[in-house]
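Engineer: I'd like to ask you about the structure that follows.
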């Protein structure tokens, strides 16, 4: 019974930080300035690069295929954050153009 409960609770608890990070990325990407939406992808890329370097240097260096596959897995959050940024920022750009045209029409 205890193992079944842990098989349900642990994956659920693991998804909470992921969901929080995705919501935070969506919020940052929808801001008017472009740079806040790039914070999480850059931090994620730096983290993935550092961990991949450590994997390459340490004991997994004898199996380069494993290091390569783990590196691809490490860069998945970076790709997801960047895709969210591109989609949200692209949706925000037409609104900025319309507001600029409205302001010019008022002048």
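Engineer: Within region 17-54, how many residues turn out to be within 15 Å of residue 80 (Cβ to Cβ) and surrounded by 13 or more Cβ atoms within 10 Å (Cβ to Cβ)?
Structural biologist: 18
Engineer: Considering (1) loosely packed, with under 10 Cβ neighbours inside 10 Å; (2) touching a helix residue (DSSP H, G or I) at 6+ places or on another chain (Cβ under 8 Å); (3) closer than 18 Å to residue 77 by Cα, say which one residue 11 fails and leave the rest.
Structural biologist: Failing condition for residue 11: (2).
Readers should treat all values here as calculations from the given coordinates under stated rules, not as data from a laboratory. The structure displayed is predicted, hence computed values, not measured ones. Note: ideal-geometry Cβ built from the backbone for every residue, glycine included; neighbour counts use all protein chains shown.
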